Amino acid sequence: MPSTSTLALLFALGAGATAQVAPAPASPPAPALPEAQPDVRPDIQADGQDPGHGHGHPEDHFQTRLTFEEAVNASAQAPALTGLEEAVADKRASDESLPRLSQGLQVQVMPGARLPPSQEAGFELQGTITQGWSLGGYGEKRREAAAAETEVMAAETRAIALERSLGAARAWIRLHEAERREVLVQRELSAAEERVAALERAHAAGVVTRLEVADARAMAAQIQAISIEVAGEVHDLGLALARETGVRATAPMRTSGDYPAPQLPSHDEIRQRFAELEQLPEVALRRLESRAAKARAKETKASRATVMNAGVSGQLESSGDVLLFGVVGATIPVRDHNQRQQAVDLAAARRADAEADQRVLELSATLLVALHDLHHTSERMEILRDQTLPALVELVETHEAALSEGEGTLPMLLLAQTRRDAVARELATAEADWVWARVEAWLYLQAIAAGREGGASPAQAQP
């Protein structure tokens, strides 16, 4: 039998009523990535205010929700990227139209007359036609330089595509995480506020101290501040997702569906593939910039090479006789071989190579961190999911059982629920970190594979 003081406390706290106990949050297994819809930009339409945005601004109206696959595919349709792809196609067509001969035909006509007192006075005409060509192969060097510049533009397209894919993927994952934390913090706040109300009733009955009530109020205020902060994150991350997917945003976007579940090779194979840094778009871009600069230097040198010309010259005399001559000539530069512009181009090539070497070092560190995060985030998530959260769920169930038997108190149960929901929020962040680590590694692996094959954007690949 409970003591008299315990009965008074239970009565004051409303223990006779049925406690509203929120179920423990489950951590769903990562689902398979939904089927991709490449090159299809989702239509964006307003669907009204989201009911889950409890502490947001009343003027916020969220746009159509995007799945992860839709977000990544939409990033590939951003104006900057599609415009550059069109520019590359136009440049390739223009390169094909460049002539191999850099010199045009030269035609010279000299009409005249033989004047008296010549016995053969009358009209005369001289004409010359010649064709020139560069002994330095200027026409071919020009085509090669133009093609190298086009490859730089194509590599820039791939680099931007990878950057946008990473940005869209990270924005979607972080927004999805914030949305989950927003739901959890609302439940946590509800339990904290209910605990404050219960302790206030108990204090009015004289069975708890003012200190306990003040402590509960402080905890509720802290959770409310977290709730407002999370709501702000949802708002800002929704706008970030719109930016990364190339949408002109007038309101935040939301996510739909589950986390992606890319299939990754073994740890050793990932490490081996990550060593192929030269295949990544940013490094390849710098190498191609170096090659294009060297090609321009050769073009510049060839533009001042010796130019030969050959042709035929004819003369019509006043007597009616016609004379024909062969013409051979050359323009021979002695000192000026365009050394200044060559020096500029060769310096640009050296600078691009240095930047490529620097990016190799930076990306090596980035990929090592990504490789470490695959293990670290998984370990942290598993501890929270398999140890910490189950222990707090068991604590809540114990308080529920004690309350139903008249031995526990509602504030203690609500405190246990608050602690459980706080860990559930922490687990939501840990799971998002784990998913991002896998997605980041997968996108880099796709970019490396595309570099070996010469091409596709990571956004167009399938996990």
Checklist line | Compactness relative to 2.2 N^0.38 Å, alpha carbon Rg of the stretch 249-391 | finding: 2.22
Item checked: the stretch 233-280 - charge dipole about Cα centre, Lys and Arg +1 at Cβ, Asp and Glu -1, debye rounded to 20 -> 260 debye
Check: How many angstrom separate the Cα center of the stretch 239-270 from the Cα center of the stretch 343-420?
Finding: 17 Å
Check: For Ser318, Ser290, what's the largest-to-smallest order of accessible area, 1.4 Å probe?
Finding: Ser318, Ser290
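By how many nm would the segment from Ile332 to Leu361 grow when fully extended, if each residue of separation counts as 0.36 nm and the alpha-carbon distance is taken off? It would help to have the intermediate numbers written out before the result.
Details: separation 29, 0.36 × 29 = 10.44 nm, distance 4.69 nm.
Working it through step by step, the gained length comes to 5.7 nm.
Largest first, what is the accessible-area ranking of Arg351, Arg170 with a 1.4 Å probe? Before the final figure, lay out the partial values.
Working: Arg351 160, Arg170 105 Å².
Final ranking, largest accessible area leading: Arg351, Arg170.
With all protein chains present and a 1.4 Å probe, how do Tyr259, Tyr138 order by accessible area, largest first? Don't skip to the answer; put the middle values down first.
Details: Tyr259 10, Tyr138 50 Å².
From most accessible down to least: Tyr138, Tyr259.
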Check: Going from the alpha-carbon gyration tensor of the stretch 343-445, what semi-axes, largest first and in whole Å, does one get by taking the root of 5 times each eigenvalue?
Finding: 53, 11, 8
Note to self: Tell me the accessible surface of Asp386 in square angstrom (1.4 angstrom probe, heavy atoms of protein chains only), to the nearest ten.
What the structure shows: 90 Å²
Item checked: Alpha-carbon centroids, the stretch 164-194 and the stretch 70-110: separation in whole Å -> 45 Å
Margin query: Suppose the chain between Ser118 and Ser94 were pulled fully straight at 0.36 nm per residue; how much longer would it get relative to their current alpha carbon spacing?
Written below: 2.9 nm
Margin query: If I ignore ligands, DNA and RNA and count only protein heavy atoms, how much of Lys301 is accessible to a 1.4 Å probe, in Å² to the nearest 10?
Written below: 120 Å²
Check: What figure in square angstrom, to the nearest 10, would you give for the accessible area of Phe123 with a 1.4 Å probe?
Finding: 120 Å²
Next item on the list: Quick one: grab Rg to one decimal and Dmax as a whole number for the stretch 186-240, Cα atoms only, in Å.
Entry: 14.8, 51
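Once the other residues with Cβ under 12 Å from the Cβ of Ala349 are scored (Lys, Arg +1; Asp, Glu -1), what is the net sum?
Numbers: positive: Arg286, Arg287, Arg291, Lys294, Arg296, Lys298, Arg350, Arg351; negative: Glu289, Asp345, Asp353, Glu355.
Counting the neighbours of Ala349, the net charge comes to +4.
Give me the extension gain from Gln315 to Asp268: residue separation times 0.36 nm, minus the current Cα-Cα distance, reported in nm with one decimal. Walk me through the numbers on the way to the answer.
Details: separation 47, 0.36 × 47 = 16.92 nm, distance 8.13 nm.
My answer for the length gained is 8.8 nm.
The values are calculated or read from the model by the stated rules, or taken from the named source; none is laboratory data. Since we're looking at a predicted model, the values are computed, not measured. Quick reminder, even Gly has a Cβ in these numbers, built from the backbone with ideal geometry, and neighbours come from all protein chains shown. Side chains included, ligands, DNA and RNA excluded: accessible areas come from the protein's heavy atoms. Shrake-Rupley method; radii C 1.70, N 1.55, O 1.52, S 1.80 Å.
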